[in-house]
Every structure is written in structure tokens, then in C-alpha cells.
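The values are calculated or read from the model by the stated rules, or taken from the named source; none is laboratory data. Given the structure is predicted, the values throughout are model-derived calculations rather than measurements. Virtual Cβ from ideal backbone geometry, glycine too; neighbours counted across all protein chains shown. Each accessible area value is taken on the protein alone, full model and side chains, heavy atoms only, with ligands, DNA and RNA left out. Shrake-Rupley method; radii C 1.70, N 1.55, O 1.52, S 1.80 Å.
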Amino acid sequence: MKNDKNRTWAEIHLDRLERNVKKINALCLDNCNLMAVVKADAYGHGDMQLARKLASLGIRYFAVSNIDEAENVRSVCKECDILILGYTSPEYAKELIGNNIIQGILSYENALAFSEAAKGSALPLRCHIKLDTGMGRVGLKFKTPKECAEEIIKICKLPNLAIEGVYTHFSCADSDLASDIDYTLAQKDFIEKSYELASLVLKEKTPRHLHYLNSAGLMYLQNTKSTLARAGIILYGLMPNASLPLPVELEPVMELKTVISHIKQIDAGDYISYSRTFCAKRKMKIATMPIGYADGYPRALSSKAQVLINGKRCNIIGRICMDQMMCDITELENVNCGDTVTLFGIDGSQRISADELATLYDSIGYELVCGISKRVPRIFSE
Ligand SMILES: *Cc1c(COP(=O)(O)O)cnc(C)c1O
């Protein structure tokens, strides 16, 4: 691509990913394996490259959100277990079996449809059953663990399916409010009881995996029975909750950079960008950069965020456009067109994180990195 490092790019630091994985692995108990969540193109970082790297680090479990993502991971990792967390049309049952992909089961009806669609295959469809213990999104939902266990048992008896796991998802494990912690513990308790009751009946046919840890759960919960930790955001060095410190220090894997495309002096009374939201009160020096909201840099950060140039913070001024934006470099010396600008990442002693930026516009680091658009080339470094 012609634009690599000459215009706007995202650096993906695989060495940082590796160090994050080591620290995260150290937090997993002996009975628990890391399941790398690489949905949404590995949160915008590049799923095939990251899955390849993670597999080389010994990771054997991956989670994604759909069959295309699963097939991407399969293409770089022939041996690993790949779980689709969310919905797949049962029409794809045989394709899932052919690629040895594990499907999340969202209800009894869903299990039945997969069971029928898998009829005639040499191998059963590998599945994990999803429980809705409080997220309110998908999964088996029951008032008591006893009823839930009965449904798990019913699904386990269906033909053409191999049920290998039971899982649930926390809705507020990233909170330190006492009521939220209680809620999370109730979710954990519900799935553990359901699993235990089902295992009394299923005996040796009990699904091997019971899992509920996401990044926040792994970071903040102790004494868990989860056999897999489905870690997403922390792999990428971002925080489940930007205002709650993590027990380990992680390094953001992605840095977003651009260059200065144009420099000019302006006078008091001059306007910058659409709708004249910025009017200079004095003489200023302004830099333009070839990045905008079409690259996934949020327009909501107009006049709110800063960028780094030569290790200094510079204010973004005026509206962020589709392909360009401006910042104030009045205080900087020796700046030239072509100089590197860091939107998030490290420059000298300064750093701006995706989490910090997301907080400025009421979002989360997850959304910011996932949203860095396709037109931004990802440049991988070891
Ligand atoms: C996205 C997702 C995860 C990973 O969440 P993080 O907060 O990024 O760790 C885990 N489990 C399920 C079901 C998910 O949808």
C-alpha cells in the first residue's frame, strides 16, 4: 500500500501483545486457560496476524462473533479450538463441522435447529451452551439453576451435537460498586449451580468446560471455577473500565499515527474548519493532518482531544472533517510537513491512550479501536 507510514496508519506492536499475554496468563488459575477473543478483526488490530502471533505464543482457544471471523482464525491455526460466541444461522451447521468450529447455543430451539441441520454429517457439531444469567442478551434464561440444568440436560441429549461447554457473560464485572459486585457474584453462582446440577445427571457426559470470565472478571474476581478466561480488551492493553485500575500494567498494542500535511500562520479573527466553531483570538500556527472521521477518528472529539507532536500535546481545533483535521502548534518549534503525529500512543515522555480519548466523548476504548476504519493500514512490528 502506498500510504504506509506516509499518511495515516495504525502500528500494531506484537511485542506488547506478547508481554500482555504473559501477564494475563499469570493471572489464570491452574484449572483455567486463556481464550483469546479476536472478534471484530481482533478489536480492529487485525485478526489473522494476531491469531497467528497468539497461536505462536501457545494459545489454543479463540473466540469470535461469527463464522467468517472463525474461518479467518482457522486459516492461521489448524489445531486450535474456535468458539463462535453469538448467532450463526443453523444453515451453516455442516460448514461449521467441516472447519471444526464450535458454535454457541442460544436456546433449546436453536439447539434443535442445529441438531437437525447437522444430520447426516460424519461428525457431530461441537457446541457450548450459553446461559443468560443477567446480561439479558442471548442464552438460556431461567429463574432457578434447577430449571436451567434440566434444559442443559435436554440439549445434551439431542443427536448430532457434541456439547463441550456451558458459558455465560457478565454485564458489570468492570464495576467496583458493591451492588454490581453482588450482581456479578449472583451470575457466577447461578451458572456454577446450574452446571453442578446438570453434572449430577450427565455424569461422564458433563460438558468439559464451564466458563464465564471476561477481561474484567479475570482481573477482579478471585477463586473462580471458570475453565476458560475469555479475554478480549486486556490482550490489546486497554481497560475494561478506564476509571478502575488493573492489578497488572498492560501496554496498548495499537498506536494511531498520521503526519503533518500543511502548516500555516493565522491571525486573530481567522476561522478554522466547518461551521466556524473555532475563531482565533490571536496569531497562531496551525497544522493540518490527513486523518478524519472516515478513518475512525471520532468527530465527537472536535475541539476536545489532543495529539502528540515532538513529544508535546497539541489541541485539536475546530471540527474534525471526514479526511482531515487541524491542531494548534503555536508553541512548537522546528515542526515541518511530514513530521509524525500521534493520535494515540507514545511520543517521548507523553502518551495518549485510546481509553483516555474514549472517556472524552463518553465512549470506551473498545469502540475507538474497533472503529479505526479499513482505509487505515495496520503495520505490524515485533
Ligand atoms: C466480547 C466478549 C468477551 C470479551 O470481552 P472483554 O471485555 O473484551 O474481555 C467475552 N465473552 C463474550 C461473550 C463476549 O461477547
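Count Lys and Arg as plus one, Asp and Glu as minus one, and take only other residues whose Cβ is under 14 Å from that of GLU249; the net charge is then +3.
Going highest first, how would you order 136-143, 108-115 by mean Cβ packing within 10 Å? Kindly include the intermediate steps, with their values, before the conclusion.
Numbers: 136-143: 15.9, 108-115: 19.0.
The peptides rank, most packed first, as 108-115, 136-143.
Here LYS5 and LYS157 are evaluated by their C-beta separation; at R0 = 56 Å the FRET efficiency comes out at 0.45.
Could you give the length gained on full extension between GLU91 and GLU147, defined as 0.36 nm per residue of separation minus the Cα-Cα distance, in nm?
Numbers: separation 56, 0.36 × 56 = 20.16 nm, distance 2.88 nm.
Between GLU91 and GLU147, full extension yields 17.3 nm more.
The label-point distance for PHE380 and SER179, in a model that sets each label 7 Å from Cα toward Cβ, rounds to 4.6 nm.
The residue list ALA162, ALA173, PHE142 was ranked by how far each Cα lies along the charge dipole of the stretch 71-225 toward its positive end, using unit charges on Cβ atoms, and ALA162 comes out on top.
When TYR92, TYR361 are compared by accessible area at a 1.4 angstrom probe, the order from most to least is TYR92, TYR361.
Around the amide H of PHE344, modelled in the peptide plane, lie the amide H atoms of LEU256, all under 5 Å away and 5 or more residues distant in sequence or on another chain. Our estimate of slack between SER275 and LYS312, defined as 0.36 nm per intervening residue step minus the Cα-Cα distance, is 10.5 nm.
Grab the Cα-Cα distance for ASP267 and ALA294, subtract it from 0.36 nm times how many residues apart they are, and report the gain in nm with one decimal.
Details: separation 27, 0.36 × 27 = 9.72 nm, distance 2.95 nm.
Contour length minus the Cα-Cα distance gives 6.8 nm.
For the chain, which whole percent of the accessible surface, found with a 1.4 angstrom probe, sits on carbon and sulfur atoms? Walk me through the intermediate numbers first.
Working: 8600 of 17320 Å².
The C+S portion of the solvent-accessible surface of the chain is 50 percent.
Rounded to 0.05, the FRET efficiency of the LEU360 and MET48 pair, given R0 = 35 Å and the Cβ-Cβ distance, is 0.65.
Our coupling estimate for the stretch 273-280, obtained by passing each phi through the Karplus curve with A = 6.51, B = -1.76, C = 1.60 and θ = phi - 60°, is 6, 3, 6, 6, 6, 10, 10, 5 Hz, Gly and Pro reported as x.
Sequentially through the stretch 190-202, phi angles give Karplus couplings (6.51, -1.76, 1.60; θ = phi - 60°) of 4, 6, 5, 5, 4, 5, 5, 5, 5, 5, 4, 8, 6 Hz, Gly and Pro residues having no value and appearing as x.
From the helices alone, meaning DSSP H stretches of at least four residues, give me the mean residue ellipticity at 222 nm for the chain, per-run term -39500 (n - 2.57), in deg cm²/dmol to the nearest 500. Kindly include the intermediate steps, with their values, before the conclusion.
Numbers: 11 runs with 113 residues, N = 382.
Estimated from H runs of four or more residues: -9000 deg cm²/dmol.
List the residues of the stretch 302-329 whose backbone N lies under 18 Å from a point placed 7 Å from the Cα of LYS285 along the Cα-to-Cβ direction. Correct set: 307-317, 326-329. How far is helix 67-76 tilted, in degrees, relative to the longest principal axis of the Cα atoms in the chain, given as a value from 0 to 90 rounded to the nearest 10? Once rounded, the angle reads 80 degrees. Return the FRET efficiency for the residue pair ALA113, GLU367: r is the Cβ-Cβ distance, R0 is 30 Å, and the value is rounded to the nearest 0.05. Between ALA113 and GLU367 the formula returns 0.40.
Over all other residues within a Cβ to Cβ distance under 10 Å of ARG319, the charged ones net out to +2, with Lys and Arg as +1 and Asp and Glu as -1. In order along the stretch 168-185, phi translates into HN-Hα couplings of 8, 10, 7, 9, 9, 5, 8, 10, 9, 5, 4, 5, 6, 4, 4, 4, 4, 5 Hz, rounded to whole numbers, per the Karplus curve 6.51 cos²θ - 1.76 cosθ + 1.60 with θ = phi - 60° and x for Gly and Pro. Summing +1 for each Lys or Arg and -1 for each Asp or Glu, what net charge is found among the other residues whose Cβ lies under 9 Å from the Cβ of GLU69? Combined, the nearby Lys, Arg, Asp and Glu give -3.
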